[in-house]
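S.K.: Below you will find the structure I want to go over with you.
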Amino acid sequence: MTRPRAFNRDFKKYDQVRKAHTYGLAEHESDEFDEDYEIATLDLEPFLRGDASDRERFAVEFGAALQEIGFAVLTGHGVDPALYQDAHDDTLDLFESTSPEQKMRFRAERHGSVSQGYFPIEQTSEIHPDLVEGWVWCRRAFDVPQRRTSAFRVEDYWPVAGYEQRFRRLVLAHEALFRPIAQAMLQGIGCDPHLLDDRLTGTNFGLRLNYYPRMTEDQVRSGAGRLLGHEDVDLFTILPATRIDGLQVWNHRSGKWVRMRAPTGSVVINTGDYMQRLTNDRLPSTTHRVGKPSDGSHLTTARVSFPTNVYLWEDEILAVLPGLGPPRYEPIQAIAFHTLSTAKFYGDDYAVDATTKGAE
Ligand SMILES: O=C(O)CCC(=O)C(=O)O
Ligand SMILES: [Fe+2]
């Protein structure tokens, strides 16, 4: 059975930043690919440890890549590659060894802005049945410093406590990169690099595990994709390079898709809706999706990915940053911005009015 095609423009009313292009949510035979486009791979080390001129050089190249396509690949980030190997194995283990009943005990629901918990296959969003299972935890689900209204209880969030400890290592390693990456982005578009430092200290984030099971011939024939075309709602995403490819990125200039090929151990960085709003459209929230891998392994092998989405806390106000021209957007509270945007995926009831307290 072939489903009718769905397009992003059918869901335009949810957009909280300008998105002028039209794309099909799943792969289609009419899609065109820009096989020559190379997403920039940059070494972050000079920005982390170099002098002022090293930092400036990196920031300019990073800013250029992001302004052009919204994606860049970083090496030299300092995260131990063994952490990524462990996260890969732990993700496979979590999805393959947790019973369906246990998974459903943690079904995703709204925690502040974030839809946190387990997403069954074909239920990542209400708008498109994707062939992925997901599991999301925000900062509240980790035993790390933060303001809490009640004591942390690991069993509220995790089917087995050991997973919290293991994935905590990954989120702490990524948290150390939040400010340097944001600083480089801001410097790269000519802003004061430190504008977001305070708000990124102890900020909220979402760790998302994606498990794309092996596909049957019928699923391939149905036209279903592994993950629908979307933009991330966040400031930016840190996606460790996946072992199996399949990530496709929309090139605004050519209107074609670009295949992401990131070297082992590198991280893919992309800007999201919060960043597009704060930077007055200078850094785009770029469309991407997951399609079939180039090696045909979707018929035999599961694929996993484990992106970290960087957010601001719910009570922050998102206003266009200084130095970026006349603001194209009104200030908006982060919880309203986040939940209005993601009501596209989770249904209209997901949206929280700005005046409502972002209760858990
Ligand atoms: O699986 C991937 O490569 C990307 C996943 C993604 O875009 C997401 O979880 O938002
Ligand atoms: Fe994404």
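S.K.: Extension gain Asp51-Ser30, at 0.36 nm per residue separation less the Cα-Cα distance, in nm?
M.R.: Working: separation 21, 0.36 × 21 = 7.56 nm, distance 4.80 nm.
Net length gain for the segment: 2.8 nm.
S.K.: Students sometimes get this wrong: rank Asp281, Asp315 by accessible area, probe 1.4 Å, all chains present, largest first. Mind dumping the intermediate values first?
M.R.: Numbers: Asp281 35, Asp315 80 Å².
Largest accessible area first, the residues go Asp315, Asp281.
S.K.: List residues of the range 23-40, by number, whose backbone nitrogen lies under 12 Å from a label position 7 Å along Cα→C-beta of Arg5.
M.R.: Label zone hits: 23-32.
S.K.: At a probe radius of 1.4 Å, what is the per-residue accessible area of His194, in Å² to the nearest 10?
M.R.: Only protein atoms counted, so the area is about 100 Å².
S.K.: For the range 151-189 and the range 327-344, what is the separation of their C-alpha centers, rounded to whole Å?
M.R.: Cα centres, the range 151-189 to the range 327-344: 23 Å.
S.K.: Give me the accessible area of Arg179, 1.4 Å probe, in Å² rounded to the nearest 10.
M.R.: 100
S.K.: Applying a 10 Å radius around every beta-carbon, put 206-212, 115-121, 79-85 in order of their mean neighbour count, most first.
M.R.: On the way: 206-212: 23.3, 115-121: 19.9, 79-85: 14.9.
Those peptides, ordered most packed to least, come out 206-212, 115-121, 79-85.
S.K.: Length gain on complete extension for the stretch Arg214 to Ile121, per 0.36 nm per residue less the alpha carbon to alpha carbon distance?
M.R.: Values: separation 93, 0.36 × 93 = 33.48 nm, distance 1.20 nm.
Taking 0.36 nm per residue and subtracting the Cα distance, the gain is 32.3 nm.
S.K.: Still on this model: Can you sort Arg9, Arg140, Arg261 by solvent-accessible area, 1.4 Å probe, largest first? Could the numbers behind the result be given before it?
M.R.: Values: Arg9 125, Arg140 20, Arg261 145 Å².
If we order Arg9, Arg140, Arg261 from most to least accessible, we get Arg261, Arg9, Arg140.
S.K.: Please go through the range 1-103 and write out the GluC sites (Glu not before Pro) that DSSP classes as loop and that have at most 16 other C-beta atoms within 10 Å.
M.R.: On the way: sites: Glu27, Glu29, Glu32, Glu35, Glu38, Glu56, Glu61, Glu68, Glu96, Glu101; in loops: Glu27, Glu29, Glu32, Glu35, Glu38.
The qualifying sites are Glu29, Glu32, Glu35, Glu38.
S.K.: Shifting gears a bit: Semi-axes of the equivalent ellipsoid of the chain: what are they in whole Å, largest first, if each equals the square root of 5 times a C-alpha gyration tensor eigenvalue? Intermediate results must be reported in sequence, preceding the final value.
M.R.: On the way: eigenvalues 152, 123, 98 Å².
Result for the chain: semi-axes of 28, 25, 22 Å.
S.K.: Mind listing the long-range amide H neighbours of Thr41? Cut-off is under 5 Å, sequence gap 5 or more, other chains count too, H placed in the peptide plane at 1.01 Å from N.
M.R.: Result for Thr41 returns Val73.
S.K.: A follow-up question, please. Given a Förster distance of 35 Å, report the FRET efficiency between Arg147 and Asp86 from their Cβ-Cβ distance, rounded to the nearest 0.05. Display every interim value, and only then the final one.
M.R.: Details: r = 29 Å, r/R0 = 0.84.
The calculated FRET efficiency here is 0.75.
S.K.: Any chance you could run the full-extension gain for Arg168 through Tyr37? It's 0.36 nm times the residue separation minus the Cα-Cα distance, nm to one decimal. Walk me through the intermediate numbers first.
M.R.: Values: separation 131, 0.36 × 131 = 47.16 nm, distance 3.54 nm.
Fully extending the segment from Arg168 to Tyr37 adds 43.6 nm.
S.K.: How much solvent-accessible surface does Asp51 expose, in Å² to the nearest 10, with a 1.4 Å probe and all protein chains in place?
M.R.: 80
S.K.: Same structure, new question: How many angstrom lie between the C-alpha centres of the range 69-100 and the range 12-44?
M.R.: Answer, in whole Å: 23.
The values are calculated or read from the model by the stated rules, or taken from the named source; none is laboratory data. Since the model is a prediction, treat every value here as computed from it, not as a measurement. Note that we place each Cβ from the backbone using ideal geometry, even for glycine, and neighbour counts take in every protein chain shown. Keep in mind that these areas ignore ligands, DNA and RNA; they rest on the heavy atoms of the full protein, side chains included. Shrake-Rupley method; radii C 1.70, N 1.55, O 1.52, S 1.80 Å.
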